[in-house]
Amino acid sequence: MEELGFLYIPQEGCHAWSKVYKGFILFVVNAPNGKLLASITVGKLEISLPDIPDEYWIINFDSDNQ
């Protein structure tokens, strides 16, 4: 994640990262069960992306939103 420019956010029990794009923030969490969870935040609105993200999705999302 750091190779893509994500900022590591220390959490207790899981790993989390965030990256600011134009107008929104993508948060990604590697949950204790091994699944990736993600959400996009625009202002005060947070949109969860359940069961969508995997490593390839994150790489493509990052590439599409540069």
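So the values come out like this:
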{"quantity": "Search result, residues across the stretch 1-11 that are open to solvent by 90 Å² or more (accessible area, probe 1.4 Å) and either assigned to a loop (DSSP other than H, G, I, E, B) or touching a Phe, Trp or Tyr at 6+ places or on another chain (Cβ under 7 Å) (or both)", "calculated": "Glu2, Leu7, Gln11"}
{"quantity": "Extreme residue, nearest to the chain's Cα centre (by Cα), among residues of the stretch 12-66 that are part of a helix (DSSP H, G or I), surrounded by 15 or more Cβ atoms within 10 Å (Cβ to Cβ) and not charged (D, E, K, R)", "calculated": "Ile58"}
{"quantity": "First in the stretch 42-57 and of a type in the set (Gly, Ala, Ser), second anywhere and open to solvent by less than 70 Å² (accessible area, probe 1.4 Å), Cβ under 8 Å, 6 or more apart", "calculated": "Ser48/Ala38; Ser48/Ser39"}
{"quantity": "Answer residue from the stretch 3-30, given it is aromatic (Phe, Trp, Tyr) and out of contact with any Lys or Arg (no Cβ under 6 Å at 6 or more places or on another chain) and is farthest from Asn60 (Cα to Cα) among those", "calculated": "Tyr8"}
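The values are calculated or read from the model by the stated rules, or taken from the named source; none is laboratory data. What you are looking at is a predicted structure, and each value in this text was computed from that prediction instead of being measured. Quick reminder, even Gly has a Cβ in these numbers, built from the backbone with ideal geometry, and neighbours come from all protein chains shown. Just the protein is used for accessible areas: all its heavy atoms, side chains included, with ligands, DNA and RNA removed. Shrake-Rupley method; radii C 1.70, N 1.55, O 1.52, S 1.80 Å.
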